[in-house]
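The values are calculated or read from the model by the stated rules, or taken from the named source; none is laboratory data. Quick caveat, the model's predicted, so the values are computed rather than measured. Because the Cβ atoms are built from the backbone with ideal geometry, glycine has one as well, and the counts that use them run over all protein chains shown.
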Amino acid sequence: MAAVTLDIGNEFGRGWKLFQADIGLLVIAGLIGGTLSLVTCGVLAGPMMAGLFMIIRRLQKNDPAKPAAGDMFKGFDHFAQSFLFVFLLILACILVGMIAHLVPFLGQLLSMAISLFVGSIIMWGMTFIVYQKMNAIDALKKLVDGTISGTFVMPLVFGLLANLLSAAGAVACLVGVFFTYPLACCCMASAYETLFDGSDQATTGPETPSAAGGKV
């Protein structure tokens, strides 16, 4: 992955325009996904996020067959990999968070920072699973390699800000998350399109070196 600088303001602006254009559809989709994730104690969080990213990609591509909120359930096509990816990251977050709480005075602050960082990794990983048809381990390895090499730091920072935006809806007003969550996903999809020229395996078929690597 080659280093790429994202224009954070521009990507959030593009994400907002994408969200605003189909706000009704995306809010309902977010409501479905959020509710099912909550009542299943997070078991369906991965597939529901995958379904939302699939809807957003179709909106980006101006799919003539406009998606409906029920298309959230197409995320089950990625059930195994999305569930495994989220499970591994949440487990890691819990373990690291427990260690962070051992740090006097700063434990809670560190735990919150870790949660936001993990949220960024989850959102980026989900785009790789859905758009590039990666398995959970390969998606995680791509993120770890990019982070260690320093080539994917800015995208991770962007993901952290998007995750912070999503969380702000829950802090300000619990129901607000059903607006901020799909908005954050729209911003992430916009950033993905910038970094990878919008190429994705769901559309282009079998993986090729150029599609898999993109610009990052």
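Hey, can you tell me all the residues within region 138-155 that are without any contact (Cβ under 8 Å) to a residue 40 or more places away in the chain and among the aliphatic types (A, V, I, L, M)?
Within region 138-155, LEU143, VAL144, ILE148, VAL153 qualify.
For residues that are buried (at least 21 other Cβ atoms within 10 Å of the Cβ) and part of a helix (DSSP H, G or I), scanning just region 141-168, find the one that is modelled with the lowest pLDDT.
Here the residue is SER166.
Could you list all residues from region 39-96 that are basic (Lys, Arg) and more than 14 Å from the chain's Cα centre (by Cα)?
First, the residues of region 39-96 that are basic (Lys, Arg): 57-58, 61, 66, 74.
Those that are basic (Lys, Arg) and more than 14 Å from the chain's Cα centre (by Cα): ARG58, LYS61, LYS66, LYS74.
In region 169-202, which residue that is closer than 16 Å to LYS61 by Cβ and assigned to a loop (DSSP other than H, G, I, E, B) is modelled with the highest pLDDT?
Once the filter is applied, the top-ranked residue is ASP197.
Return only the number of the condition from (1) over 30 Å from GLN108 (Cβ atoms); (2) in contact (Cβ under 8 Å) with a residue 40 or more places away in the chain; (3) out of contact with any Gly (no Cβ under 8 Å at 6 or more places or on another chain) that PHE12 does not satisfy.
It fails just one condition, (1).
What residue, of ASP63, ASP77, is in a helix (DSSP H, G or I) and either among the acidic types (Asp, Glu) or touching a Phe, Trp or Tyr at 6+ places or on another chain (Cβ under 7 Å) (or both)?
ASP77
Would you be able to say whether some residue in region 87-101 is in a loop (DSSP other than H, G, I, E, B) and buried (at least 17 other Cβ atoms within 10 Å of the Cβ)?
To start, the set of residues in region 87-101 that are in a loop (DSSP other than H, G, I, E, B) comprises 101.
Applying the additional criterion that residues be buried (at least 17 other Cβ atoms within 10 Å of the Cβ) yields none.
Among the residues of region 87-101, not one is in a loop (DSSP other than H, G, I, E, B) and buried (at least 17 other Cβ atoms within 10 Å of the Cβ), which makes the answer no.
Of the conditions (1) assigned to a helix (DSSP H, G or I); (2) within 24 Å of VAL144 (Cβ to Cβ); (3) aliphatic (A, V, I, L, M), MET72 satisfies every one except a single condition; which number is it?
(2)
Could you please let me know if SER120 is free of Cβ contacts under 8 Å to residues at least 24 places away in the same chain, of a type in the set (Gly, Ala, Ser) and either surrounded by fewer than 17 Cβ atoms within 10 Å (Cβ to Cβ) or assigned to a helix (DSSP H, G or I) (or both)?
no
Is it the case that region 126-134 has a residue that's surrounded by fewer than 18 Cβ atoms within 10 Å (Cβ to Cβ), of a type outside the set (A, V, I, L, M) and assigned to a helix (DSSP H, G or I)?
Within region 126-134, none of the residues are surrounded by fewer than 18 Cβ atoms within 10 Å (Cβ to Cβ), of a type outside the set (A, V, I, L, M) and assigned to a helix (DSSP H, G or I).
Give region 1-15 a look and list any residue that's closer than 22 Å to LYS142 by Cβ and either modelled with pLDDT under 95 or exposed (fewer than 13 other Cβ atoms within 10 Å of the Cβ) (or both), or say none.
Within region 1-15, MET1, ALA2, ALA3, VAL4, THR5, LEU6, ILE8 meet the criteria.
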